[in-house]
Every structure is written in structure tokens, then in C-alpha cells.
Amino acid sequence: MGSAQDIMQTFADREIRMHFSHFDGWECQKAPSPATRDTVFLLTRNVRGKKETVALGVSYDEEPSVTALAAVSAKYTGRNALKAQYLLVPKDANAASIPGHIRVLSMSAFGFSNGELIWLTKKKGAKHYTQPEAPAKAVAAGPACEPHAA
């Protein structure tokens with residue numbers, strides 16, 4: 001029998017594979033992280049003989065932290081510097097405190113609704129994620145018909 005953490009990790013793995021495909025040469029491995037709540041992965045690929053490495057943190061918090069990602073990234077400096085850093089968070093997570101050099105990716109499987117983490121399922125009869133309605137744009141009314149120039 002698995003745990004909730006196991007199934008959430010499975011969905012995170014799917015999200016990672018969606019953004020960093022194995023067909024594009026990305027290899028994913030879990031990095032040892034000092035934080036227990038957040039998981040960090042190192043993704044590597046070879047591009048024209050050079051090794052590209054990016055760090056990706058996964059957080060399920062409404063206000064995600066980058067401490068685990070920063071701890072792992074601190075080990076990669078100089079010639080081994082990371083090409084980029086990513087943070088995978090549920091939809092509607094408050095990512096305002098995330099530094100600009102870390103790219104935020106939203107999960108398609110989880111999101112926050114009324115402060116609670118919910119699974120964004122496509123199954124019939126399940127609780128669905130509420131999408132905010134886009135306000136209608138006001139457009140200035142023009143004349144019904146234009147006079148022709150003679």
C-alpha cells in the first residue's frame with residue numbers, strides 16, 4: 001500500500017517529464033535535499049558535447065519556499081554552474097516571493113481552491129477546479145454603417 005506522498009510524487013514525475021522530455025535527452029535524478037517537504041531534481045542532457053544541468057524543485061505549499069532548491073544549487077558554481085533553476089508548484093500557489101532567476105512552472109494535476117490543495121481531476125462527478133472568469137472587455141461602439149467616399 002502506498003502513501004499520499006507516493007502518489008503525489010508520481011504526478012510530479014509526470015509533470016517533470018512533460019516539461020523535460022526524455023526524447024529531448026533529459027535525464028532526471030533526485031538530488032539529496034536538506035528539506036524534507038520539498039524535493040529537488042537535477043536534470044541533465046548533452047548538447048553538442050556539453051553537459052547542461054538544471055535544478056528543479058517541487059513544492060506543494062501554497063507559499064512555496066526555495067530553500068531546498070538554493071541549498072542544492074549552491075553546490076554548482078564555476079564550470080559546473082546550473083543553466084537554469086525551476087520550481088514546480090500547484091496552480092494558484094503564491095509565487096510572489098520567488099526570486100526572478102527561478103522560473104515557476106505550474107502543475108496541471110494539483111491546484112489551490114479556497115486555500116486547500118486539490119487534485120485537478122478530469123473524472124466525471126469529481127470536484128473541479130474553479131476557473132476565474134475573464135472580465136468582458138468594453139469596446140467603444142462604432143457607427144452601424146460607414147458612408148462611402150465618392
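The values are calculated or read from the model by the stated rules, or taken from the named source; none is laboratory data. Keep in mind the model is a prediction, meaning the values are calculated, not measured. All Cβ positions, even for glycine, are placed from backbone atoms using ideal geometry, and neighbour counts span all protein chains on display. Surface accessibility is based on the protein's heavy atoms, side chains included, excluding ligands, DNA and RNA. Shrake-Rupley method; radii C 1.70, N 1.55, O 1.52, S 1.80 Å.
Numbers at a glance
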{"item": "Members of the range 29-43 found to be under 18 Å from the mean Cα position of the chain (by Cα) and either over 22 Å from Lys91 (Cα atoms) or not in a strand (DSSP E or B) (or both), listed by number", "result": "Gln29, Lys30, Ala31, Arg37, Asp38, Leu42, Leu43"}
{"item": "Candidate set from the range 47-67 (those that are open to solvent by less than 20 Å² (accessible area, probe 1.4 Å) and among the hydrophobic types (A, V, I, L, M, F, W, C)); member that is farthest from Trp26 (Cα to Cα)", "result": "Val58"}
{"item": "The range 68-102 - residue that is among the charged types (D, E, K, R) and surrounded by 14 or more Cβ atoms within 10 Å (Cβ to Cβ) and, of those, nearest to the chain's Cα centre (by Cα)", "result": "Lys91"}
{"item": "The range 19-54, residues that are out of contact with any strand residue (DSSP E or B) (no Cβ under 8 Å at 6 or more places or on another chain), within 15 Å of Leu82 (Cβ to Cβ) and in contact (Cβ under 8 Å) with a residue 12 or more places away in the chain", "result": "Val47"}
{"item": "Meets criteria (over 19 Å from the mean Cα position of the chain (by Cα) and not in a strand (DSSP E or B)) for Pro64", "result": "no"}
